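The values are calculated or read from the model by the stated rules, or taken from the named source; none is laboratory data. All values derive from a computational prediction rather than experimental measurement. Using ideal geometry, Cβ is built from the backbone for each residue, glycine included, and neighbour counts are taken over all protein chains shown. Heavy atoms of the whole protein, side chains included, go into the accessibility calculation; ligands, DNA and RNA do not. Shrake-Rupley method; radii C 1.70, N 1.55, O 1.52, S 1.80 Å.
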Amino acid sequence: MKVGIPKGLLYYKYHPFLNTFFTELGAEIITSEDTNKEILDEGVKYCVDEACLPIKIFHGHVSMLRDKCDVIVIPRIMQLRSREYICPKFCGLPEMVINSIPDIPLSITEPIYAASEKELYQWAQKAGRSITNNRTQIRNAFDKALGEQSKYKTGIKNEDYKINVALAGHPYNLYDDFINMNIVKKLNKLGVGVITEEFIDDNLINDKVKDLYKRPFWTFARNAYGFTLEASNEKMVNGIIYISSFACGIDSVIVELIKDKIGDFPFMILKVDEHTGEAGLETRVEAFVDMLERSC
Ligand code: SF4
């Protein structure tokens with residue numbers, strides 16, 4: 001059985017879990033290529049215009065995989081932390097994809113509640129049944145997948161740079177180099193180091209979030225807000241760059257909340273969509289770095 005795993009959205013965070021789980025069930029894993037222009041064009045062709053860039057790109061990955069596998073995983077990720085949710089576009093992702101792209105193979109679309117191991121195991125039982133009915137094999141595959149995931153760390157923390165920026169945004173915008181046009185390499189080349197939210201203690205993020213008049217409903221919003229406030233308050237960095245997808249409802253709220261709190265701390269929002277040009281992005285990054293250098 002060939003199981004297709006699209007290399008989009010939270011793949012960058014959770015691929016060890018998915019790959020190990022299905023491999024242990026005896027499946028052959030077929031992953032789409034790194035995002036490229038062809039994948040973007042496929043996504044734009046099939047996805048509704050109103051969607052954000054990462055969702056369009058995910059459609060492109062599915063389209064590229066659909067005739068290469070017997071089953072395709074379209075993760076309907078609902079929850080990663082208790083009392084918080086992921087973006088609504090994740091909740092309806094399977095419906096968007098299945099109704100937009102023709103000839104999709106059998107799809108694994110069970111909702112993923114991953115706030116606790118017990119909830120996640122419920123997903124594993126349902127998803128695993130697409131491959132085998134052997135419950136012991138599913139349990140063992142699940143345990144092994146959790147083990148592999150726990151060994152895998154994401155996050156960027158460059159050392160020994162005179163100027164540093166906090167790079168904020170959703171994981172797919174930070175780790176898909178096609179979406180962000182290799183921003184980390186560009187910044188490093190300009191002599192600027194990068195730190196991402198994974199290197200801030202979760203308790204510190206929680207402390208910052210407590211200042212808000214209302215607990216954030218969205219995990220992405222909580223992380224970005226807590227991280228940028230902690231990094232700027234503690235002067236861990238000289239500035240903040242927020243990579244935001246055009247038409248992202250969560251970003252439209254969270255960047256305003258951040259701006260409101262950080263005052264005149266250097267902050268740049270890079271909005272990306274399928275029309276974003278690399279030259280324009282480079283010019284903005286260079287101008288921001290120039291400003292940071294002058295204020296050092
Ligand atoms: S959080 Fe924003 S960028 Fe991410 S899928 Fe939702 S709308 Fe798109």
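Looking at Ile195, Ile179, Ile156, Ile183, which one is outside the structural domain of Val272 (by TED's automatic domain parsing) and in contact with a strand residue (DSSP E or B) (Cβ under 8 Å, 6 or more places away or on another chain)? Steps first, please.
Values: Ile195 fails: outside the structural domain of Val272 (by TED's automatic domain parsing); Ile179 fails: outside the structural domain of Val272 (by TED's automatic domain parsing); Ile183 fails: outside the structural domain of Val272 (by TED's automatic domain parsing).
On inspection, the qualifying residue turns out to be Ile156.
Return the only residue of Tyr113, Tyr121 being open to solvent by 60 Å² or more (accessible area, probe 1.4 Å), of a type in the set (Phe, Trp, Tyr) and in the same structural domain as Leu25 (by TED's automatic domain parsing).
Working: Tyr121 fails: open to solvent by 60 Å² or more (accessible area, probe 1.4 Å).
Result: Tyr113 is the single residue among Tyr113, Tyr121 that is open to solvent by 60 Å² or more (accessible area, probe 1.4 Å), of a type in the set (Phe, Trp, Tyr) and in the same structural domain as Leu25 (by TED's automatic domain parsing).
In segment 247-281, what count of residues is obtained for those that are crowded, with 19+ Cβ neighbours inside 10 Å and among the charged types (D, E, K, R)?
1
Give all pairs with beta carbons closer than 6 Å in which a residue from segment 243-260 that is farther than 21 Å from Val285 by Cα meets a residue that is open to solvent by 50 Å² or more (accessible area, probe 1.4 Å) and of a type in the set (S, T, N, Q); count only pairs at least 6 apart in sequence or on separate chains.
Matching pairs, first to second residue: none at all.
Might you let me know whether segment 88-104 holds any residue that is more than 16 Å from the ligand (Cβ to nearest atom), open to solvent by 30 Å² or more (accessible area, probe 1.4 Å) and in contact with a helix residue (DSSP H, G or I) (Cβ under 8 Å, 6 or more places away or on another chain)? Step through it out loud before you land on a result.
Start the filter on segment 88-104 by keeping residues that are more than 16 Å from the ligand (Cβ to nearest atom), which leaves 98-99, 101-104.
When the remaining residues are screened for being open to solvent by 30 Å² or more (accessible area, probe 1.4 Å), the result is 98-99, 102-104.
With the extra rule that they be in contact with a helix residue (DSSP H, G or I) (Cβ under 8 Å, 6 or more places away or on another chain), the set shrinks to 104.
Within segment 88-104, one or more residues are more than 16 Å from the ligand (Cβ to nearest atom), open to solvent by 30 Å² or more (accessible area, probe 1.4 Å) and in contact with a helix residue (DSSP H, G or I) (Cβ under 8 Å, 6 or more places away or on another chain).
Just wondering, is there one or more residues in segment 26-47 that are modelled with pLDDT of 95 or more, open to solvent by 40 Å² or more (accessible area, probe 1.4 Å) and under 15 Å from the mean Cα position of the chain (by Cα)?
The answer is yes; a qualifying residue exists.
Which of the residues spanning segment 239-296 are touching a Leu at 6+ places or on another chain (Cβ under 8 Å) and in a helix (DSSP H, G or I)?
Leu257, Ile258, Lys261, Ile262, Leu281, Arg284, Val285, Glu286, Val289, listed by residue number.
Which ranges mark the helices (runs of 4 or more DSSP H) fully within segment 125-226 that have 3 or more residues being away from the ligand (no atom under 16 Å from the Cβ) and within 30 Å of Lys56 (Cβ to Cβ)? Explain how you work it out, then say what you get.
Details: elements: 135-151, 171-175, 183-189, 202-209.
Passing ranges, in order: 135-151, 183-189.
Rundown of residues vs (1) at pLDDT 90 or above; (2) in the same structural domain as Phe288 (by TED's automatic domain parsing); (3) in contact with a Lys or Arg (Cβ under 7 Å, 6 or more places away or on another chain); (4) not hydroxyl-bearing (Ser, Thr, Tyr), yes/no style:
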position	(1), (2), (3), (4)
Phe199	yes, yes, yes, yes
Asn203	yes, yes, no, yes
Thr219	yes, yes, yes, no
Gly226	yes, yes, yes, yes
Tyr242	yes, yes, no, no
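Can you pull out every residue in segment 122-148 that is under 22 Å from the mean Cα position of the chain (by Cα) and farther than 19 Å from Ile72 by Cα?
Answer for segment 122-148, where residues must be under 22 Å from the mean Cα position of the chain (by Cα) and farther than 19 Å from Ile72 by Cα: Leu146, Gly147, Glu148.
Residue under question is Glu286, and the condition is that it be open to solvent by 30 Å² or more (accessible area, probe 1.4 Å), under 30 Å from Val44 (Cβ atoms) and modelled with pLDDT of 95 or more; does it hold?
Numbers: open to solvent by 30 Å² or more (accessible area, probe 1.4 Å): yes; under 30 Å from Val44 (Cβ atoms): yes; modelled with pLDDT of 95 or more: yes.
So Glu286 passes the test.
Inside segment 216-234, can you point out the residues that are in contact (Cβ under 8 Å) with a residue 40 or more places away in the chain and open to solvent by 10 Å² or more (accessible area, probe 1.4 Å)?
Here is the first cut: in segment 216-234, the ones in contact (Cβ under 8 Å) with a residue 40 or more places away in the chain are 216-220, 222, 224, 227-228, 231-232.
Within segment 216-234, Pro216, Phe217, Trp218, Phe220 qualify.
For Ile77, which of the numbered conditions (1) surrounded by 19 or more Cβ atoms within 10 Å (Cβ to Cβ); (2) more than 16 Å from Trp123 (Cβ to Cβ); (3) within 13 Å of the ligand (Cβ to nearest atom) fails to hold?
Result: Ile77 passes all but (2).
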